[in-house]
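The values are calculated or read from the model by the stated rules, or taken from the named source; none is laboratory data. Predicted, not measured: the structure shown is a model, and the values here were computed from it. All Cβ positions, even for glycine, are placed from backbone atoms using ideal geometry, and neighbour counts span all protein chains on display.
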Amino acid sequence: MNFEEKYKPEKFSDIVGQDETVESLKSMKENGELSHMLFFGSWGCGKTSMALVIKNEFDIELIKFRAHDFMRNGIMDIIITIAKHVPQKTYKAVLLDDFEKLSISQQELLRGTMDTYSKTCKFIVTCNNTASIDPGILSRCRIYYFQAIQEPDAIKRLKFICKEEGLKISDQDLNRILNNAKRINSEGKVIGFDLRQCIKYLEDLCNRRR
């Protein structure tokens, strides 16, 4: 099992760098609620991981689709069938990753489904930005911004993995990993780091040294 899978977050306390979102979701859980949600932010900041954590923390069913799944014939019928099927638990959730890759007409098809089956099926939508998301989808979701992972949080997670694996890592190694996983904005400024890439580079480094 690779590091990304082995150290995939399972509970809220495993999530890195998204404290406000975690606190909001904890409150939702305490109140016995679950909403349609939209997570947006850059790659590698924990959007999909958060959806998987919600599955565990809320003890719900979760069915995942990516944008390329919508190229399959009859995919909307499949999603509607899933949505209308009464869950064995209180809720089920449908995760739609990379949602901005769908056309507006494809996105519009979901609005009625979200309304019709909202009592038992919630949708979790992820995207890098909201500019190309249908306003009707936005209005139906609780929206959470996922900020890029900052250096202290990235280093903390990398050191945790090294400790679990019994590995030694130098500050030079950490700097090299972070340098390869920078997230840079349109002005050329570093805004954070792709944690998924950080973990991948750490595993590559470890494999070369074994």
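Just to be sure, is Ser103 under 20 Å from Gly32 (Cα atoms) and assigned by TED's automatic domain parsing to the domain that holds Val22? Quick ask: steps written out before the conclusion?
On the way: under 20 Å from Gly32 (Cα atoms): no; assigned by TED's automatic domain parsing to the domain that holds Val22: yes.
For Ser103, the condition - under 20 Å from Gly32 (Cα atoms) and assigned by TED's automatic domain parsing to the domain that holds Val22 - is not met.
There is no residue in region 146-158 that is of a type in the set (A, V, I, L, M), farther than 18 Å from Met50 by Cα, under 21 Å from the mean Cα position of the chain (by Cα) and assigned by TED's automatic domain parsing to the domain that holds Val53. For region 160-175, the candidate set comprises residues that are buried (at least 16 other Cβ atoms within 10 Å of the Cβ) and part of a helix (DSSP H, G or I); within that set, the residue that is nearest to the chain's Cα centre (by Cα) is Ile161.
Do we have Leu178 as assigned to a helix (DSSP H, G or I), hydrophobic (A, V, I, L, M, F, W, C) and surrounded by 13 or more Cβ atoms within 10 Å (Cβ to Cβ) here?
yes
Show me the helices (runs of 4 or more DSSP H) found entirely inside region 1-88 where at least 1 residues are within 22 Å of Met114 (Cα to Cα) and either small (Gly, Ala, Ser) or under 13 Å from the mean Cα position of the chain (by Cα) (or both). Give the steps one after another, and end with the answer.
Numbers: elements: 3-6, 19-30, 47-58, 75-84.
Helices (runs of 4 or more DSSP H) meeting the threshold: 19-30, 47-58, 75-84.
Residues that are of a type in the set (D, E, K, R) and surrounded by fewer than 19 Cβ atoms within 10 Å (Cβ to Cβ) were ranked within region 110-125; the one that is nearest to Gly32 (Cα to Cα) is Lys119.
Which residue is nearest to Asn179 (Cα to Cα), if the candidates are limited to region 131-152 and must be β-branched (Val, Ile, Thr) and crowded, with 19+ Cβ neighbours inside 10 Å? Steps first, answer last, please.
Step one: list which residues in region 131-152 are β-branched (Val, Ile, Thr), which gives 133, 137, 143, 149.
Next, only the ones that are crowded, with 19+ Cβ neighbours inside 10 Å stay: 133, 137, 149.
Numbers: Ile133: 32, Ile137: 36, Ile149: 13 Å.
Ranking the candidates gives Ile149 first.
Scanning region 168-210 for residues that are at pLDDT below 90 and closer than 16 Å to Met1 by Cβ gives Cys206, Asn207, Arg210. Which residue, of Ala131, Ala148, is under 30 Å from Gly112 (Cα atoms) and at pLDDT below 95? Testing whether each residue is under 30 Å from Gly112 (Cα atoms) and at pLDDT below 95 leaves just Ala131. What's the total number of residues in region 59-115 that are touching a residue at least 60 places away in the same chain (Cβ under 8 Å) and polar (S, T, N, Q)? Final tally of qualifying residues: 0. Among residues of region 98-134 being part of a loop (DSSP other than H, G, I, E, B) and β-branched (Val, Ile, Thr), the one that is farthest from Gly74 (Cα to Cα) is Thr130. Remark: pairs (first residue in region 25-44, basic (Lys, Arg); second residue assigned to a helix (DSSP H, G or I); Cβ separation under 9 Å; 6+ apart in sequence or on different chains) = Lys26/Phe12; Lys26/Glu57; Lys29/Phe12; Lys29/Ile54; Lys29/Glu57; Lys29/Phe58. The requirement of being surrounded by fewer than 20 Cβ atoms within 10 Å (Cβ to Cβ), among the acidic types (Asp, Glu) and within 23 Å of Ile149 (Cβ to Cβ) is fulfilled nowhere in region 65-75; no residue meets it.
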